[in-house]
Ligand SMILES: NC(=O)c1ccc[n+]([C@@H]2O[C@H](COP(=O)([O-])OP(=O)(O)OC[C@H]3O[C@@H](n4cnc5c(N)ncnc54)[C@H](OP(=O)(O)O)[C@@H]3O)[C@@H](O)[C@H]2O)c1
């Protein structure tokens, strides 16, 4: 029996991934959810805007698992705000808090529960990389303090949508840096964990643009197949979800030395992330500063 723990398995392509995982033999799937989860999954409440809720979720997972270990941890939930002004109950910018900080905390809390050779996959986005030419503004840095409190950033964007786009792209840069930092932790190397960042590529038909203006939201939500005929690099929900499921089930593994998988034209490719995502200084600073933000007294 393989045990998989997942966030972001309740809608979008993550729901498709969850259903595909549930269709495999001998799999137990625990989903952190703020609404209904797919039938067959064990649903455990979590609201990733709250670090307290993340801690409670991790405790519930541990209690529910008993002696069982986690074979795959799939951290797929994500949000794209309408501006960078919204703050979580902990006082942090919402995209940074949900996409990065909540998952960072969850990783740290569940690390001791991971099986030897477990897969850890975090969903990132090509928007983290200026070379991708994405529609969102590229990250300028991965400074945790400034991303948590954009009002302190001397270079903060005045236009709300630009600020929201940059906050989202920056949070996804943090995801890749976190993958690299986790892979370098002694517990990850001693357990031989497979730690990956997964970029589904632009995938219309999901709820990700729920905070966008009504017209854009509607087109994104309902015109997936048409958009994909117009823009060939867009990914189908089926390919995005199916690839995530295959990674979670261990059916797909990265070539040696690769940790960043990106779907392009519905095919999984292995590539280098952006220059900033490959910075060891940024990686180490983010790991350390995120520890402070989630309340660990002695960051490691
Ligand atoms: N679609 C794209 O073009 C694209 C491209 C690159 C990367 N991504 C990333 O792919 C992942 C999935 O996105 P999607 O496009 O499938 O979007 P989606 O349909 O909006 O799905 C987002 C998932 O995250 C969950 N979630 C969001 N906020 C949460 C919170 N506070 N607490 C608990 N769960 C929360 C949602 O739960 P609910 O069901 O409760 O809303 C849902 O399951 C995200 O990380 C996104 O950033 C998407």
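The values are calculated or read from the model by the stated rules, or taken from the named source; none is laboratory data. None of the values given here were measured: they were computed from a predicted structure. Using ideal geometry, Cβ is built from the backbone for each residue, glycine included, and neighbour counts are taken over all protein chains shown.
Things to note:
- Restricting attention to the range 177-206 and to residues that are within 12 Å of the ligand (Cβ to nearest atom) and not in a strand (DSSP E or B), the residue that is surrounded by the most Cβ atoms within 10 Å (Cβ to Cβ) turns out to be 200.
- The one condition in (1) more than 12 Å from the ligand (Cβ to nearest atom); (2) assigned to a loop (DSSP other than H, G, I, E, B); (3) surrounded by fewer than 18 Cβ atoms within 10 Å (Cβ to Cβ) that residue 138 fails to fulfil: (3)
- Exactly one residue among 120, 74 is within 12 Å of the ligand (Cβ to nearest atom), in a strand (DSSP E or B), at negative phi and touching a residue at least 24 places away in the same chain (Cβ under 8 Å), and that residue is 74.
- For the condition within 14 Å of the ligand (Cβ to nearest atom) and under 24 Å from residue 87 (Cα atoms), residue 164 qualifies.
- Residue satisfying condition, being more than 27 Å from residue 183 (Cα to Cα) and in contact with a helix residue (DSSP H, G or I) (Cβ under 9 Å, 6 or more places away or on another chain), within set 140, 156, 116: 156
- When residue 154 is tested against (1) part of a loop (DSSP other than H, G, I, E, B); (2) over 14 Å from the mean Cα position of the chain (by Cα); (3) modelled with pLDDT under 95, only condition (3) is not met.
- Some residue of the range 211-219 being away from the ligand (no atom under 15 Å from the Cβ), modelled with pLDDT under 95 and not in a helix (DSSP H, G or I): yes
- Beta carbons closer than 6 Å, at least 6 apart along the sequence or on distinct chains, never pair a first residue in the range 28-41 that is free of Cβ contacts under 8 Å to residues at least 24 places away in the same chain with a second that is more than 9 Å from the ligand (Cβ to nearest atom) and assigned to a loop (DSSP other than H, G, I, E, B).
- Of all residues in the range 238-280, those satisfying the criterion of being farther than 16 Å from residue 179 by Cβ and in a helix (DSSP H, G or I) are 238, 239, 240, 241, 242, 243, 245, 246.
- Residue pairs meeting the criteria (Cβ under 8 Å; at least 6 apart or on separate chains; first on the phi > 0 side of the Ramachandran plot, in the range 191-214; second away from the ligand (no atom under 16 Å from the Cβ)): 192/116; 192/117
- Conditions (1) within 16 Å of the ligand (Cβ to nearest atom); (2) touching a helix residue (DSSP H, G or I) at 6+ places or on another chain (Cβ under 9 Å); (3) in a helix (DSSP H, G or I); (4) touching a residue at least 12 places away in the same chain (Cβ under 8 Å): number failed by residue 62: (1)
- Residue 171 fulfils the conditions (1) in a loop (DSSP other than H, G, I, E, B); (2) in contact with a helix residue (DSSP H, G or I) (Cβ under 8 Å, 6 or more places away or on another chain) except for a single criterion, (1).
- Taking the criterion of being near the ligand (Cβ under 9 Å from one of its atoms) and either at positive phi or outside any helix (DSSP H, G or I) (or both), the residues of the range 7-32 that qualify are 7, 8, 9, 10, 11, 12, 31, 32.
- Here residue 106 clears all of (1) in contact with a helix residue (DSSP H, G or I) (Cβ under 6 Å, 6 or more places away or on another chain); (2) within 13 Å of the ligand (Cβ to nearest atom); (3) in a strand (DSSP E or B) except the condition numbered (3).
- Unique match (being within 13 Å of the ligand (Cβ to nearest atom) and at pLDDT below 95) among 126, 35: 35
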